[in-house]
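Engineer: Below are the structure tokens for one structure; questions will follow.
The values are calculated or read from the model by the stated rules, or taken from the named source; none is laboratory data. What you are looking at is a predicted structure, and each value in this text was computed from that prediction instead of being measured. Don't worry about glycine lacking a Cβ; one is built from the backbone with ideal geometry, like all the others, and counts go over all protein chains shown.
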Amino acid sequence: MGMAGHGEKGRARNTHAIDSPPFLLPVRCALIRESMSMREPYKPLMLLAVLALALGLWLGSRRVRHANPPTPPTTEPNAAALRSSSGSSAGAAHERSPAATAPQEQLPQPPCWADVFQLDETASLESLRQALQAALAANDPLFLQYLEDRLSEVIGGDGSRALTILSWAEAAGPPLSTHLLSALKQAKAVQEPQVADKLVALGSDASLPLDARRAALDALETQHSLPADRLQRLKNIAMDQTSDEAAWVATRTMGRVMTEEFKRSGSSGAYLQELIDIGQHSSEAAVRSLALEMASYADIPVERASFSSLSKILTTDPDRQVREMAAFRLGLSRDPKSAQSALAAAFSGESDLCVRWAIFRFAVRASGAKALPLLDKLSRIEPRLRPDYDDFVAIYGRGVVDFARVWQEKPERIQCGEDGE
């Protein structure tokens, strides 16, 4: 495949060299692809190793071909079709050689990338953009991945280069914009305030194609933190009723930045409260559910200040999965006793067995063995949960304490899919 912008050397060429048998093509391409990701002094060693492997395979193939010369392919019409249409006798079918009608094996031949070594050594923003366009036209996902990685390296921590990529992405639109922004996501320059602000602006621009907006919001996931103003702008996108997909990605971005910051600092800052607010007020059920779910990826406990909102979601949200997720959130809190009270209060007014089961098990997560008296009471209200109560009594009776182990030993009795039991 040719590389735009490299003159005659960049034009498409036949990479199937006369002295290279077809079976060596995967090895030759592997050589090119492997060496692209390597830097000195390892590249020469890899080149020699792969060339030695290729030579051995070629010599071995020549010996096999001389010992077993291939049968020339037949030029006759399909025998089975002729027999079917003319009613040929079984004897005629027997006389025909099986080799003549056997299907010929066709091995897939992966593409090789012309001038890729030159591109790797002299890569610039412009040459990589042109290469991305060529790879998109050729529908070559492996080459696209390499180009994204190489473009991230070239951007590095240079904010001006990052802004150039952003201007190209805004003008180009998908699919090129998606790959440009994916490369930017991994570059150090994405942490620059002006770059992050521009990404938020692209994500909130309703005039842009949805794929471009999603890519811009996705590129913000690697932020080390979100200042209050940027967090609020993302929340505004998450609450946008005109684009539920952009809202969903903005919510996920907020949650992923929160997760990484919590792992570093042990604090969820304002993220969790904002996500719970989205979980209470978004018009889209999938966004509400995701907003409540995101704290699960770092086991972030909720503060008592959030109990009122979560209790309201648990008792009033029209979507069963959102109510289950609210119970999930209450199951890990800094005030287990108050969380257990909130869960118990919601149980009697709930009619869905799957939500009742969520309240039941997350009360155990919140308070451990101390929840058993409550489970006894709840299982009398909902007799279908009585066997689950007996399971928990038996498990805690064996001295198991940690909830992960408790849950591992718990028999699965109630099946709740997306549509309920």
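Engineer: Being exposed (fewer than 15 other Cβ atoms within 10 Å of the Cβ) and among the polar types (S, T, N, Q) is the filter here, so list the residues in the stretch 146-165 that pass it.
Structural biologist: Hit for the stretch 146-165 is SER160, nothing else.
Engineer: Are any residues in the stretch 276-293 without any contact (Cβ under 8 Å) to a residue 40 or more places away in the chain and either under 15 Å from SER311 (Cα atoms) or among the charged types (D, E, K, R) (or both), and if so, which ones?
Structural biologist: Listed by number, the residues that qualify are GLN280, ARG288, SER289, LEU292, GLU293.
Engineer: Another question, then. Kindly indicate whether ARG252 is crowded, with 23+ Cβ neighbours inside 10 Å, in a helix (DSSP H, G or I) and not hydrophobic (A, V, I, L, M, F, W, C).
Structural biologist: So ARG252 fails the test.
Engineer: Please find, among VAL364, VAL393, the residue that is assigned to a helix (DSSP H, G or I), of a type outside the set (Lys, Arg), in contact (Cβ under 8 Å) with a residue 40 or more places away in the chain and touching a helix residue (DSSP H, G or I) at 6+ places or on another chain (Cβ under 9 Å).
Structural biologist: Just a single option satisfies the conditions, and that option is VAL364.
Engineer: Would you confirm whether or not the stretch 213-223 contains a residue that is surrounded by 17 or more Cβ atoms within 10 Å (Cβ to Cβ) and either farther than 26 Å from GLN273 by Cα or over 19 Å from the mean Cα position of the chain (by Cα) (or both)?
Structural biologist: no
Engineer: Look at ASP317 and say whether it is surrounded by fewer than 19 Cβ atoms within 10 Å (Cβ to Cβ) and outside the structural domain of ALA285 (by TED's automatic domain parsing).
Structural biologist: On the way: surrounded by fewer than 19 Cβ atoms within 10 Å (Cβ to Cβ): no; outside the structural domain of ALA285 (by TED's automatic domain parsing): yes.
So ASP317 does not fit the description; no.
Engineer: As an exercise: evaluate GLN321 against (1) modelled with pLDDT under 95; (2) of a type outside the set (Val, Ile, Thr); (3) under 29 Å from the mean Cα position of the chain (by Cα) and give the number of the one condition it does not meet.
Structural biologist: With (1) modelled with pLDDT under 95; (2) of a type outside the set (Val, Ile, Thr); (3) under 29 Å from the mean Cα position of the chain (by Cα) applied to GLN321, the lone miss is (1).
Engineer: Of everything in the stretch 224-259, what is of a type in the set (S, T, N, Q), in contact with a Gly (Cβ under 9 Å, 6 or more places away or on another chain) and over 15 Å from ILE278 (Cα atoms)? Give them in sequence order.
Structural biologist: SER225
Engineer: Can you spot a residue in the stretch 318-329 that is out of contact with any strand residue (DSSP E or B) (no Cβ under 8 Å at 6 or more places or on another chain) and either assigned to a loop (DSSP other than H, G, I, E, B) or more than 27 Å from GLY269 (Cβ to Cβ) (or both)?
Structural biologist: Within the stretch 318-329, one or more residues are out of contact with any strand residue (DSSP E or B) (no Cβ under 8 Å at 6 or more places or on another chain) and either assigned to a loop (DSSP other than H, G, I, E, B) or more than 27 Å from GLY269 (Cβ to Cβ) (or both).
Engineer: Sticking with this one: Could you tell me whether any residue of the stretch 127-138 is surrounded by 15 or more Cβ atoms within 10 Å (Cβ to Cβ), at pLDDT below 65 and either farther than 23 Å from LEU184 by Cα or within 28 Å of the chain's Cα centre (by Cα) (or both)?
Structural biologist: No, there is no match, as no residue in the stretch 127-138 is surrounded by 15 or more Cβ atoms within 10 Å (Cβ to Cβ), at pLDDT below 65 and either farther than 23 Å from LEU184 by Cα or within 28 Å of the chain's Cα centre (by Cα) (or both).
Engineer: Tell me, yes or no, whether the stretch 140-148 has at least one residue that is touching a residue at least 12 places away in the same chain (Cβ under 8 Å) and either of a type in the set (Phe, Trp, Tyr) or in contact with a strand residue (DSSP E or B) (Cβ under 9 Å, 6 or more places away or on another chain) (or both).
Structural biologist: Yes, the conditions are met somewhere in the stretch 140-148.
Engineer: Here's something else I'd like to know. Go through ARG323, ARG329 for me and flag whichever is touching a residue at least 40 places away in the same chain (Cβ under 8 Å) and surrounded by 17 or more Cβ atoms within 10 Å (Cβ to Cβ).
Structural biologist: One residue alone meets the criteria, ARG329.
Engineer: Okay, moving on. With respect to ASP388, is the statement that it is touching a helix residue (DSSP H, G or I) at 6+ places or on another chain (Cβ under 7 Å), under 27 Å from TYR297 (Cβ atoms), among the charged types (D, E, K, R) and assigned to a helix (DSSP H, G or I) true?
Structural biologist: So ASP388 fits the description; yes.
Engineer: Considering every residue within the stretch 289-306, establish whether at least one is under 20 Å from ASP229 (Cβ atoms) and either touching a helix residue (DSSP H, G or I) at 6+ places or on another chain (Cβ under 8 Å) or in the same structural domain as SER243 (by TED's automatic domain parsing) (or both).
Structural biologist: Yes: the stretch 289-306 contains one or more residues that are under 20 Å from ASP229 (Cβ atoms) and either touching a helix residue (DSSP H, G or I) at 6+ places or on another chain (Cβ under 8 Å) or in the same structural domain as SER243 (by TED's automatic domain parsing) (or both).
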